[in-house]
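Here the structure is laid out as structure tokens; the discussion comes afterwards.
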Amino acid sequence: MEINKTEQLYEGKAKKVYATTDPNLVIVSYKDDATAFNGLKKGTITGKGVVNNKMSNYLMSLLEKEGVPTHFVEELSDRETLVRRVEIVKLEVIIRNVSAGSFAKRFGVEEGIVFAEPTIEFSYKNDDLHDPLMNAYHAIALGVATREEIEQIKSMAFKVNEVLKAYFLGIGVRLVDFKLEFGRTPDGRIVLADEISPDTCRFWDAETGEKLDKDRFRRDLGNVEGAYAEMMKRVFG
Ligand code: UDP
């Protein structure tokens, strides 16, 4: 059956989501728009949508092969992908292998400390509240997720980290930290959703430490497009 785009359901900071003629599937369309600091900083990163779409699809497929269920169905074009329709769990799940960003700031440490074990933290996905830190008890108390869902999300997130850490090291990239989002399928299963891209991960060149991710935009480091293009080249050759 041919699947066609129908009405736009949602427009976020970096993506649009469209309904399709199949009620269980939606189309995600990646934009070049970039925001940081909860929308305070706005800009465009030319070609970003293509990089994020293709890289995210590649990584989701890799994760599927390694036994992690995801929303990914089929890449439709450079910027558009068919995904399973899910209800997003209102948590941003952050895994860290190396200190950076808000972690370094919160605890008053430098960036670049290599952790003996990865860390996990949750933020409540709520733009009005600026995504406040939330622990598992808070999430359960507020009905954001059940205890079982939290346990599943934790073990899936650590599994994603193991797969991606090894994969990126193989292409000369250190996976410093990243953010994941999960969704509930209509039958109540948890799957990996959203995207995995230079917008949502910190990538440092394994040799030089050069930043190859959205921090170049956030921190005005220059050569933002170049960093996205370099990551594209590392992944696809
Ligand atoms: N991150 C994200 N979306 C957010 C916040 C963080 O994708 O709304 C990613 C970010 O790219 C980094 C990781 O999560 O790879 C950890 O981010 P951190 O908490 O250090 O926050 P930041 O310094 O980016 O504000």
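The values are calculated or read from the model by the stated rules, or taken from the named source; none is laboratory data. A quick note: this is a predicted structure, and the numbers were derived from the prediction, not measured. So basically every Cβ, Gly included, is an ideal-geometry build from the backbone, and we count neighbours across all protein chains shown. These accessible areas exclude ligands, DNA and RNA; they are computed on the full protein's heavy atoms, side chains included. Shrake-Rupley method; radii C 1.70, N 1.55, O 1.52, S 1.80 Å.
Are any residues in region 1-28 assigned to a strand (DSSP E or B), of a type outside the set (D, E, K, R) and open to solvent by 70 Å² or more (accessible area, probe 1.4 Å), and if so, which ones?
So in region 1-28, the residues assigned to a strand (DSSP E or B) come out as 5-11, 15-20, 25-28.
Okay, now just the ones that are also of a type outside the set (D, E, K, R), so 6, 8-10, 17-20, 25-28.
Result: GLN8, LEU9, TYR10.
For region 201-227, residues that are within 16 Å of the ligand (Cβ to nearest atom) and in contact with a Leu (Cβ under 8 Å, 6 or more places away or on another chain) total 8. Among residues of region 137-166 that are without any contact (Cβ under 8 Å) to a residue 12 or more places away in the chain and of a type in the set (A, V, I, L, M), those with a Cβ under 8 angstrom from a residue that is in a loop (DSSP other than H, G, I, E, B) and open to solvent by less than 70 Å² (accessible area, probe 1.4 Å), sequence gap 6+ or separate chain, pair up as ILE140/THR146. Which one of these does ASP194 not meet: (1) free of Cβ contacts under 8 Å to residues at least 24 places away in the same chain; (2) surrounded by 17 or more Cβ atoms within 10 Å (Cβ to Cβ); (3) charged (D, E, K, R)? The one condition ASP194 does not meet is (1).
Any chance region 162-177 includes a residue that's at positive phi, not in a helix (DSSP H, G or I) and not hydroxyl-bearing (Ser, Thr, Tyr)? So far as region 162-177 goes, yes, one or more of its residues are at positive phi, not in a helix (DSSP H, G or I) and not hydroxyl-bearing (Ser, Thr, Tyr). Scanning region 72-102 for residues that are within 16 Å of the ligand (Cβ to nearest atom), of a type in the set (A, V, I, L, M) and touching a Phe, Trp or Tyr at 6+ places or on another chain (Cβ under 8 Å) yields ILE88, VAL89, LEU91, VAL93, ILE94, ILE95, VAL98. Screening ARG84, ARG106, ARG96 for residues that are more than 22 Å from ASN53 (Cα to Cα) and in contact (Cβ under 8 Å) with a residue 60 or more places away in the chain leaves exactly one candidate, ARG96. Taking strands (runs of 3 or more DSSP E) as the structural unit, those lying wholly within region 50-156 and holding at least 2 residues that are open to solvent by less than 60 Å² (accessible area, probe 1.4 Å) correspond to 80-84, 91-98, 114-124. Which condition number does LYS179 fail, the rest of (1) open to solvent by less than 70 Å² (accessible area, probe 1.4 Å); (2) out of contact with any Lys or Arg (no Cβ under 9 Å at 6 or more places or on another chain); (3) more than 13 Å from the ligand (Cβ to nearest atom) being met? For LYS179, the exception is condition (3).
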